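Beneath this line is the structure, given in structure tokens, with notes to follow.
The values are calculated or read from the model by the stated rules, or taken from the named source; none is laboratory data. Given the structure is predicted, the values throughout are model-derived calculations rather than measurements. Every residue, glycine as well, gets a Cβ built from its backbone with ideal geometry; the counts of neighbours run over all protein chains shown. Side chains are part of the model used for accessible areas, which takes the heavy atoms of the whole protein and leaves out ligands, DNA and RNA. Shrake-Rupley method; radii C 1.70, N 1.55, O 1.52, S 1.80 Å.
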Amino acid sequence: MLGAIITLVFIAAVLFLAYRRLPLLAFTATFTVLLAAYSALGLLGSHSTPLLVWKGFLWVLLAGLWLLNVRPLRKAFITRPFMRAYLKLLPSMSQTEREALEAGTVWWDGELFTGAPKWSKLLSAKPPRLSSEEQAFIDGPCEELCRMLDDWHITHERGDMPPHVWEYLKSMGFFAMIIPKKYGGLEFSAYAHSCVLAKIASRSATASSTVAVPNSLGPAELLNHYGTPEQKDYYLPRLARGEEIPCFALTSPRAGSDAASIPDTGIVCRGTWQGREVIGLKLNFSKRYITLAPIATVVGLAFRMFDPDKLLGDKIDIGITCALIPRNTPGLTIGRRHFPINIPFQNGPIQGKDVFVPLDVIIGGAKMAGAGWRMLVEQLSVGRCISLPSNATGGAKAASWATGAYSRIRRQFNMPVGRFEGVETVIARMVGLTYTMDAARSVTAGAIDGGEKPSVPSAMLKYHVTEMGRQVANDAMDVHGGKGICIGPRNYLARGYEAVPIAITVEGANLLTRSLIIFGQGAVRCHPFVLREMTAARNPDRTKGVDDFDRALFGHIGFTISNAVRSLIMSLTHARFTSAPVQGSTSRYYQHIVRFSSSFAFAVDVAMLTLGGYLKKKENLSSRLGDVLSCMYLASMVLKHHENQGAPAEDLPIVEWACRNLLYHAQEQMHGFLRNFPNRFLAGVMRALIFTRGRQYSAPGDRLGRTVAQLVTNPTDARERLCQYIYWTLEPSNPLGLLQEALILAEAAEPIEKRIRVEGVKTGRITALDLPGQIQQALAAGIISDTEAAALRDYDRKCMQLIHVDDFDQHELGTLAAPEPQSRSSAHVA
Ligand SMILES: Cc1cc2nc3c(=O)[nH]c(=O)nc-3n(C[C@H](O)[C@H](O)[C@H](O)COP(=O)(O)OP(=O)(O)OC[C@H]3O[C@@H](n4cnc5c(N)ncnc54)[C@H](O)[C@@H]3O)c2cc1C
């Protein structure tokens, strides 16, 4: 018995060493001491066969460990042969792919790949804050813009924003948020930029899409980073003043998601430019879906550049290049419009036939010829974190704000619909997702302001925040019932709902982003060893290559073993003894993220080791791993956001809902990965180490859902924090303000209504079926006072104004003249 206990203590001590991730030499030395102590206790002196085998195994293991510490030996017998085999397996990588992989920085995403994230790195980051100038812009011009926007007029009657709105956008610098002040721009922080977009999106998807584009990946951003001094001095002030309207044209009919394969060409040749013969480019291209194209004055163009006559050097295929082409350049055709799903922001095709331009239209000048793809992917890592996530978050905030209030004032079965369990569950999901979206948007924007260019998080935000936006939009529609469906000036939901697929599709369509980018880029970029191994293996200096590869390989092996052990221990203990950076009710979520991080890192290594480059083709497996990574990332953002907001206790149910939802999803995606892993033996081993006690994590419960829903169906501080930076000013044309007013009135009206029901309707003293009649009779019966009757009438009138929907004459809806009555009825019969 004593022997068994000591053996268990010995094994636990060795596992603990692996858990703490000791370097190889330190591990070997400590293992030697432990084994010596174990032997000294005489327990290995027994002559029973199993113990002899066990003893032999341990001593052989120790000898092996010491040999592994002799670097020349292990390099000769392990590293070199392994590296040779590795090089054969390593998929070839184009320059374009390499540039995409190396773009941006590795931030918190890298920590999640380690299996032991250092929380101080996240928690010590300064919370994002608006400067007084930025705050004044949001409270001033941004508020005024929202007041000016009449979305029904824009989307249905005009099919565009009216001229005074365009003028206001240009003159107040809405298109110049990323342009430095020295060029006349606003030079806002990423966080302020994101808050402006979120606020506009709470009012009009057309306006927020329009504002997002010049501030995202496009001419201003590219000029800012790569432009020549002449290009910057000419274009940036003009863009800042709104004298130039930019668009950026990459997508073509044949190349959508696979944008690097654009067939549009720029051939280096001689030609005449402003009366002089110069070396320039003859451009032929056909682009579509280009936002702002119909009204653009300058077109950012991506094309493939060739120099068949070698006028510039030896290279014929120079590669993807970005240039700025003025609208009036001969051969350029723009002006017609696409109609993106009833959200009429300016968008359309562009064609160019034998457009001749000088080389200095290339952004950055001729020296940047061929560098276009790198420029695009580098800048995408910032822009993709801001535009679509902010717009989607603004829309989700508006939907949650409206739904919380509407579900309180809309009564069925004598109850606000928001009090029914089935509806509460949906509202809780809206709130939890909106909080998650807001956390991801604001914390990541803060990281950008701290100097990060987080490329993998940008893909995670693009995918998950817009997908969550889709869920929130669906939920809002469900809770509003017919009110959400009948469009017209009174409908504040439908256009946002219609806009969802736009966010899903642009800047990397979501299916592709989930299937190829999040994990595909993350696995190479964020993994602590993979990129080092790849670089070392490809190093033309063989000696240095082997040396670097050796360090990376043995670091990697120790890392994988440690993560396997950590998974097992945290699975057995449910991560209860894992250290957390904060005390209190959120500490368990930190522990669970660490646990999932270890399991994820272990599963990633097993998948990469056994499937290699084939993992890229197994999109469902890599998508699921990407989901686990994203859920951990988003849950970390939720926790950091809560801290950034001063950890208000009132928000804890929302934080719990969001973390539970994400971690449950992480667990289920890991389960899906294991179920579908092709090597069933290894799948079993991974499952034993990752889910030793089964899948124990549960999704948010009903009681929690009710508590969360009540935070937005009542006028609470949590509701205002959740929906900060949306346009909810009280004024006649703003449903979000009117809904808030009605919600506040509901607090006083409901007890009066209850008295009428209990003392009047149930006792038979009141016979009227509708509320106005009941108020009349209750007043006459002395159940309520004059003041109460007036308050209730006012409340009822305001509620009914919000509940009403629009109706139209036939001629108001069709774009053609109304058909003859006879032909209409015959069409109906047919
Ligand atoms: C309203 C709007 C505005 C836009 N604005 C601009 C702009 O200003 N400038 C510009 O250059 N472009 C713009 N785009 C283009 C946009 O970036 C593309 O639509 C997008 O890249 C997807 O291309 P596609 O629509 O051709 O889809 P496709 O490439 O045809 O893809 C179809 C589907 O297949 C999926 N898919 C493709 N490959 C894979 C894969 N390997 N694994 C899994 N799924 C995959 C995609 O995710 C998508 O769901 C805009 C598009 C729209 C609709």
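In the set Leu730, Leu722, Leu738, Leu771, only one residue is open to solvent by 60 Å² or more (accessible area, probe 1.4 Å), among the aliphatic types (A, V, I, L, M) and in contact with a Leu (Cβ under 9 Å, 6 or more places away or on another chain); that residue is Leu730.
Is segment 523-530 home to any residue that is without any contact (Cβ under 8 Å) to a residue 60 or more places away in the chain, open to solvent by less than 50 Å² (accessible area, probe 1.4 Å) and either touching a His at 6+ places or on another chain (Cβ under 8 Å) or more than 13 Å from the ligand (Cβ to nearest atom) (or both)? Yes, because at least one residue in segment 523-530 is without any contact (Cβ under 8 Å) to a residue 60 or more places away in the chain, open to solvent by less than 50 Å² (accessible area, probe 1.4 Å) and either touching a His at 6+ places or on another chain (Cβ under 8 Å) or more than 13 Å from the ligand (Cβ to nearest atom) (or both).
Cβ-Cβ distance below 8 Å, separation of 6 or more or different chains: which pairs start in segment 674-685 with a residue that is in contact (Cβ under 8 Å) with a residue 12 or more places away in the chain and end on one that is of a type in the set (S, T, N, Q) and open to solvent by less than 80 Å² (accessible area, probe 1.4 Å)? What qualifies is Asn679/Thr610; Leu682/Thr610.
Residues of segment 17-53 that are at pLDDT below 90, open to solvent by 70 Å² or more (accessible area, probe 1.4 Å) and part of a helix (DSSP H, G or I): Ala40, Thr49, Pro50, Leu52, Val53. Within segment 492-500, identify whether any single residue is basic (Lys, Arg), surrounded by fewer than 19 Cβ atoms within 10 Å (Cβ to Cβ) and more than 12 Å from the ligand (Cβ to nearest atom), and answer yes or no. No, that holds for no residue.
Mind checking which residues of segment 336-369 are over 30 Å from Trp273 (Cβ atoms) and either more than 10 Å from the ligand (Cβ to nearest atom) or touching an Asp or Glu at 6+ places or on another chain (Cβ under 8 Å) (or both)?
Arg337, Ile341, Asn342, Ile343, Pro344
Can you confirm whether Ala260 is near the ligand (Cβ under 9 Å from one of its atoms), open to solvent by less than 40 Å² (accessible area, probe 1.4 Å) and under 30 Å from the mean Cα position of the chain (by Cα)? In short, no. Within segment 59-92, the residues that satisfy the criterion of being over 30 Å from Ala26 (Cα atoms), in contact (Cβ under 8 Å) with a residue 24 or more places away in the chain and either outside any helix (DSSP H, G or I) or hydroxyl-bearing (Ser, Thr, Tyr) (or both) are Leu90, Pro91.
Per-residue answers, yes or no, for (1) more than 10 Å from the ligand (Cβ to nearest atom); (2) in contact (Cβ under 8 Å) with a residue 24 or more places away in the chain; (3) open to solvent by less than 10 Å² (accessible area, probe 1.4 Å); (4) assigned to a loop (DSSP other than H, G, I, E, B):
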{"site": "Cys247", "(1), (2), (3), (4)": "no, yes, yes, no"}
{"site": "Arg254", "(1), (2), (3), (4)": "no, no, no, yes"}
{"site": "Gly266", "(1), (2), (3), (4)": "yes, yes, yes, no"}
{"site": "Leu311", "(1), (2), (3), (4)": "yes, yes, no, yes"}
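Taking residues in segment 170-182 that are at negative phi, and partners anywhere that are small (Gly, Ala, Ser) and modelled with pLDDT under 95, the pairs with Cβ atoms closer than 9 Å and at least 6 places apart or on different chains are Phe175/Ala220; Ala176/Ala220; Ile178/Ser216; Ile178/Ala220; Ile178/Gly383; Ile179/Ala220. Among the residues of segment 211-225, just one is within 18 Å of Arg374 (Cβ to Cβ), near the ligand (Cβ under 10 Å from one of its atoms) and among the hydrophobic types (A, V, I, L, M, F, W, C), namely Leu217. Residues that are assigned to a helix (DSSP H, G or I) and more than 18 Å from Arg595 (Cβ to Cβ) within segment 638-654 comprise Lys640, His641, His642, Glu643, Asn644, Ala649, Glu650, Asp651, Leu652, Pro653, Ile654, listed in sequence order. Answer with yes or no whether Gly275 is farther than 23 Å from Ile320 by Cβ and more than 16 Å from the ligand (Cβ to nearest atom). Here the answer is yes, as Gly275 does meet what is asked. Could you please tell me which pairs satisfy a Cβ distance under 7 Å, a separation of 6+ or placement on different chains, a first residue in segment 503-519 that is open to solvent by less than 30 Å² (accessible area, probe 1.4 Å), and a second residue that is near the ligand (Cβ under 8 Å from one of its atoms) and of a type in the set (Asp, Glu)? Cβ pairs passing all conditions: Ser515/Glu619. Tallying residues that are open to solvent by 10 Å² or more (accessible area, probe 1.4 Å), within 10 Å of the ligand (Cβ to nearest atom) and assigned to a helix (DSSP H, G or I) within segment 282-302 yields 0.
For every residue, the table says whether it meets (1) within 16 Å of the ligand (Cβ to nearest atom); (2) open to solvent by 10 Å² or more (accessible area, probe 1.4 Å); (3) touching a Pro at 6+ places or on another chain (Cβ under 9 Å).
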residue	(1), (2), (3)
Tyr633	no, no, yes
Glu643	no, yes, yes
Pro648	no, yes, no
Arg680	no, yes, no
Ala688	no, yes, no
Arg695	no, yes, no
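Being assigned to a loop (DSSP other than H, G, I, E, B), away from the ligand (no atom under 16 Å from the Cβ), out of contact with any Pro (no Cβ under 6 Å at 6 or more places or on another chain) and within 24 Å of Leu736 (Cβ to Cβ) is not true of Arg147. Suppose the filter is outside any loop (DSSP other than H, G, I, E, B) and more than 20 Å from the chain's Cα centre (by Cα); does Thr578 pass it? No, not satisfied.
Among the β-branched types (Val, Ile, Thr), open to solvent by 30 Å² or more (accessible area, probe 1.4 Å) and under 16 Å from Ala201 (Cβ atoms): is that true of Ile341 in this structure?
yes
One line per residue, one yes/no per condition, for (1) in a loop (DSSP other than H, G, I, E, B); (2) under 22 Å from Val377 (Cα atoms):
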position: Glu187; (1), (2): yes, yes
position: Val196; (1), (2): no, no
position: Val211; (1), (2): no, yes
position: Asn224; (1), (2): no, yes
position: Tyr234; (1), (2): no, no
position: Ser257; (1), (2): yes, yes
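Here's the yes/no breakdown for (1) in contact with a Ser or Thr (Cβ under 7 Å, 6 or more places away or on another chain); (2) more than 16 Å from Val638 (Cα to Cα); (3) open to solvent by 10 Å² or more (accessible area, probe 1.4 Å):
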site	(1), (2), (3)
Arg374	no, yes, yes
Ala392	yes, yes, yes
Phe413	no, yes, yes
Glu421	no, yes, yes
Ala440	no, no, no
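If you go through segment 350-364 and keep only what is open to solvent by 10 Å² or more (accessible area, probe 1.4 Å), under 30 Å from Ser455 (Cα atoms) and not β-branched (Val, Ile, Thr), you end up with just Asp360. Say whether the condition of being crowded, with 19+ Cβ neighbours inside 10 Å and among the small types (Gly, Ala, Ser) is met by at least one residue in segment 790-806. No: zero hits. For the structure I just gave you, tell me whether Ala445 is in contact with a His (Cβ under 8 Å, 6 or more places away or on another chain) and modelled with pLDDT of 95 or more. Criteria met by Ala445. Taking the listed residues Gly701, Gly705, Gly684, the one that is within 19 Å of Val423 (Cβ to Cβ), surrounded by fewer than 15 Cβ atoms within 10 Å (Cβ to Cβ) and modelled with pLDDT of 95 or more is Gly701, with no other qualifying.
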